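Right, one structure below, let's go through it.
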Amino acid sequence: MNNRLYGNLIFELSRKGRKGYSLPKNRMGGYEIPSMMRRTTDAALPECDELTVVRHYTNLSLNNFGVDNGFYPLGSCTMKYNPKINEEMAALPSFLYLHPEQPTETVKGAEAVVTLLERSLCSLTGLAHFTFKPYAGAHGELTGLMTIDNYHRSHNDMGRKKVIVPDSAHGTNPASAAVCGLEVVEVKSMADGTVDVEDLKRIVSEQGTEISAMMMTNPNTLGLFEKSIPEIASLIHTCGGLMYYDGANLNPMLGTCRPGDMGFDVMHINLHKTFSTPHGGGGPGAGPVGVREGLQDFFPVVSPYHGNFSVMLRAYAYILTLGREHVKEVGSLATLNANYVKESLKDVYELPIDGLCCHEFVFDGLKDKSTGVTTMDVAKRLLDYGYHAPTIYFPLLFHESLMVEPTENESKETLDGFIAVMRRIAEEAKTTPDEVKSAPHLTPIGRVDDVLAAKHPIVTYQQLLHDKD
Ligand SMILES: *Cc1c(COP(=O)(O)O)cnc(C)c1O
């Protein structure tokens, strides 16, 4: 192992008495901190010289994997390239140093950004108003469901406490419904992966007066376009419910079609996914919620101010960069790339639902099941070849789910490189299966025992080496 990259903790590099700075003696006199308030022992901080600190953290950062240093086909997460102009805009001092409690007349520029972004999102989605308060997709779902709940209450329609969610839905959908105090009713998927309208008809006829909303993702979590939306929307509207659109993965829709035109009443957008904010580390995000005209009166207050403003700035910069003419290409290129990868691999990986996909697709492990090589093994082996793993074991519809979303930005050469490696791993599974099953071999840490890590996490560090000199 390369010790320079994967070496010690900063505490292990510490040497007693070593300093990274020197300050001039205080010749000015001044206030002495009262001795009763001063600590009697030194704080247990690492003692290092400046260059050691710089090298330590720079080398650590080189262990990071991101869109900027490799292909990142993590399905459902839309790890698209984040143009650097967005960062420049978000870092403009006139935005960066705004304080939320500043007088309104001093933040007119920021207000204009919010208004213009809202207008852009309305025209991209076909909805009439957005609230920018939610901090992420799941928060947006909760906000949207609370909006719908407020709407029903305003009509004195208190019995609507059920939300219909397809069995293919993202886990956040039922979770948000539960947090909102609603009961989840699961609607089945058909063999082709789309919502079973007959099962939905049964639910609506049995429980119609209790239905608050139906939550849908389109293209759904399998990357398939739900073709029966008009029929589904009419069923839900007729029984008095509203249609909620999980727009976390709006990417394939962008410039192609609009949830508002399909019959959805409320939706959220993950600005950090579709509108390019770096989100590999888990945040920050923004999950603005859009509604049909009239429903804006029912927005709940879920946070103060306008959510994560810097994410909104990045989104607006991204929209302006693409412009009306190029935003149209996002969805179709994302779809083309996903289908290209899928078609190039489906003879060696199991494709449970064949046909055209949208921005992503799901394999059910390797086609040849006799090798014993699992989706987990394939994902780990990909790391050895310098690729981020796809999403694995989600969605839950298949045992060996492996979900690939290439995004629109990738060149044909990059996709071909990924396809070649995936094929090579399929070959290795037959010829040298142990090599795949024990992967990764070239990462700082080999195969971890994820059950142990979850059951007995050790989250503190014993500072045995601190006083080494
Ligand atoms: C990512 C995602 C979410 C959740 O978004 P967060 O910002 O992670 O809370 C919800 N639904 C779908 C379909 C997603 O892909």
Practice problem: Scan THR125, THR147 and give me the residue that is within 16 Å of the ligand (Cβ to nearest atom) and in contact with a strand residue (DSSP E or B) (Cβ under 7 Å, 6 or more places away or on another chain). | Solution: THR125
Practice problem: Keeping to the stretch 364-373, report how many residues are over 17 Å from THR432 (Cβ atoms) and part of a strand (DSSP E or B). | Solution: 1
Exercise. Identify all residues within the stretch 194-228 that are at pLDDT 95 or above and within 14 Å of the ligand (Cβ to nearest atom); write none if there are none.
Key: MET215, MET216
Quiz item: Mind checking which pairs have a first residue in the stretch 158-177 that is part of a strand (DSSP E or B) and a second that is within 9 Å of the ligand (Cβ to nearest atom), Cβ under 6 Å, 6 or more apart or different chains?
Solution: VAL165/ASN173
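Each row is one residue, and each column tells you yes or no for (1) among the aliphatic types (A, V, I, L, M); (2) under 30 Å from ILE211 (Cα atoms).
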position	(1), (2)
GLU231	no, yes
ILE269	yes, yes
PRO288	no, yes
VAL327	yes, no
Quiz item: Residues that are of a type in the set (Val, Ile, Thr): which helices (runs of 4 or more DSSP H) entirely in the stretch 374-448 hold 2 or more of them?
Solution: 375-384, 412-431
Quiz item: Regarding PRO300, is this residue touching a strand residue (DSSP E or B) at 6+ places or on another chain (Cβ under 7 Å), touching a residue at least 12 places away in the same chain (Cβ under 8 Å), of a type outside the set (Lys, Arg) and away from the ligand (no atom under 12 Å from the Cβ)?
Solution: no
Exercise. State all residues of the stretch 79-89 that are away from the ligand (no atom under 16 Å from the Cβ) and not basic (Lys, Arg); if no residue qualifies, say none.
Key: TYR81, PRO83, ILE85, ASN86, GLU87, GLU88, MET89
Quiz item: Does GLY282 satisfy the condition of being out of contact with any His (no Cβ under 8 Å at 6 or more places or on another chain), away from the ligand (no atom under 16 Å from the Cβ) and small (Gly, Ala, Ser)?
Solution: no
Quiz prompt | Matching entry among GLU87, GLU12 (being touching a residue at least 60 places away in the same chain (Cβ under 8 Å) and part of a helix (DSSP H, G or I)) | solution = GLU87
Exercise. Please specify each residue of the stretch 241-279 satisfying the condition of being more than 14 Å from ILE229 (Cα to Cα) and of a type in the set (D, E, K, R).
Key: LYS273
Self-check item: Count of residues meeting criterion [assigned to a loop (DSSP other than H, G, I, E, B) and over 28 Å from THR52 (Cβ atoms)] in the stretch 18-37
Solution: 8
Self-check item: Top-ranked residue in the stretch 128-137 [being surrounded by fewer than 22 Cβ atoms within 10 Å (Cβ to Cβ) and either more than 16 Å from the ligand (Cβ to nearest atom) or in a helix (DSSP H, G or I) (or both); ranked as nearest to the chain's Cα centre (by Cα)]
Solution: HIS129
Quiz item: When the stretch 93-127 is examined, which residues are found to be among the small types (Gly, Ala, Ser) and part of a helix (DSSP H, G or I)?
Solution: SER94, GLY109, ALA110, ALA112, SER120, SER123
Quiz item: Conditions: (1) free of Cβ contacts under 8 Å to residues at least 40 places away in the same chain; (2) closer than 18 Å to ILE85 by Cα. THR274 meets all but one. Number of the miss?
Solution: (1)
Practice problem: Would you be able to tell me the number of residues in the stretch 275-318 that are acidic (Asp, Glu) and modelled with pLDDT under 95? | Solution: 0
Quiz prompt | Number of positions in the stretch 434-469 that are at pLDDT below 80 and surrounded by 10 or more Cβ atoms within 10 Å (Cβ to Cβ) | solution = 6
Exercise. Output the number of residues of the stretch 339-363 satisfying the condition of being among the acidic types (Asp, Glu) and in a helix (DSSP H, G or I).
Key: 1
Practice problem: Within the stretch 370-382, track down each residue that is touching a residue at least 24 places away in the same chain (Cβ under 8 Å) and buried (at least 19 other Cβ atoms within 10 Å of the Cβ). | Solution: VAL373, THR374, THR375, ASP377, VAL378, LYS380, ARG381, LEU382
Quiz item: Just one of SER76, SER176, SER94, SER168 is of a type in the set (S, T, N, Q) and either more than 16 Å from the ligand (Cβ to nearest atom) or over 30 Å from ASP199 (Cβ atoms) (or both); which is it?
Solution: SER94
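The values are calculated or read from the model by the stated rules, or taken from the named source; none is laboratory data. Just so you know, these numbers come straight off a predicted model, no measurement behind them. Cβ sites come from the backbone with ideal geometry, for glycine too, and all protein chains shown count toward neighbours.
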